[in-house]
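In what follows, a structure is listed as structure tokens, so that the remarks can point back to it.
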Amino acid sequence: MVSLIVHAILGVTVVALVVRLNPQIFARPPGPSFSAVELAFYAVGIASIPVCWYFNMKFVQQYAIPGGNPIWGPGSWTEFIRLGYTNPAASSASADYTIANVVLLPLFTIIDGRRRGIRHPWLFFVSSLFTSFAFAFAFYFATIERQRRHQQTGVPVS
């Protein structure tokens with residue numbers, strides 16, 4: 001369970017870092033604090049966390065041994081990944097998720113984020129390692145929506 005607490009702390013830290021490194025984007029825009037689109041992205045992203053973490057906690061409870069190594073051995077990252085490939089259906093979903101999270105998410109957020117002037121866009125990928133893939137994408141989409149709202153006012157944001 002200690003590894004889950006560390007993951008939660010790191011997840012909150014990375015999200016806070018993204019916000020802190022992009023003060024122009026996360027400054028309050030004119031009008032409402034959040035648009036309906038931002039709220040929708042945040043709702044989906046935040047809802048994904050307890051769903052995913054429920055299964056992560058079940059995994060740790062069922063497989064981890066007290067004092068075990070969180071990197072390899074029972075209840076570790078290595079075993080978690082291995083168990084994702086236990087049958088063809090799980091393997092298909094795990095491979096799809098892995099490609100999307102480890103290749104597409106960083107490529108998209110880094111390339112698109114740099115084009116948009118978002119500072120340190122690679123941190124959205126890092127956040128996915130501690131929160132969830134869905135949260136990282138939703139957080140990025142909410143960020144670019146907020147940036148769009150600022151740009152509509154004619155004030156450059158980057």
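The values are calculated or read from the model by the stated rules, or taken from the named source; none is laboratory data. As the structure is a computational prediction, the values presented were derived from the model and not from experiment. Here Cβ is always computed from backbone atoms with ideal geometry, including for glycine, and neighbour counts include all displayed protein chains. Areas reflect the complete protein model, heavy atoms only, side chains present, ligands, DNA and RNA absent. Shrake-Rupley method; radii C 1.70, N 1.55, O 1.52, S 1.80 Å.
Observations
- Cβ-based net charge around G45, under 13 Å, with every Lys or Arg adding one and every Asp or Glu removing one: -2
- Charge dipole (debye, nearest 20) of the chain; +1 at Cβ of Lys and Arg, -1 at Cβ of Asp and Glu: 500 debye
- Pairwise label distance in nanometres, F108 with E79, each label 7 Å out on the Cα-Cβ vector: 3.3 nm
- Per-residue [θ]222 nm for the chain (sum of -39500 (n - 2.57) over DSSP H runs n ≥ 4, rounded to 500): -22500 deg cm²/dmol
- DSSP H segments from the chain that extend 18 Å or more along their own axis, Cα-based, with Kyte-Doolittle mean of -1.0 or above: 2-21, 36-63, 133-152
- Of the solvent-accessible surface of the chain, computed with a 1.4 Å probe over protein heavy atoms with every protein chain present, carbon and sulfur atoms account for 72 percent.
- 18 Å reach of a label modelled at C52, 7 Å along Cα-to-Cβ, counting backbone N of the stretch 1-32: 3-19
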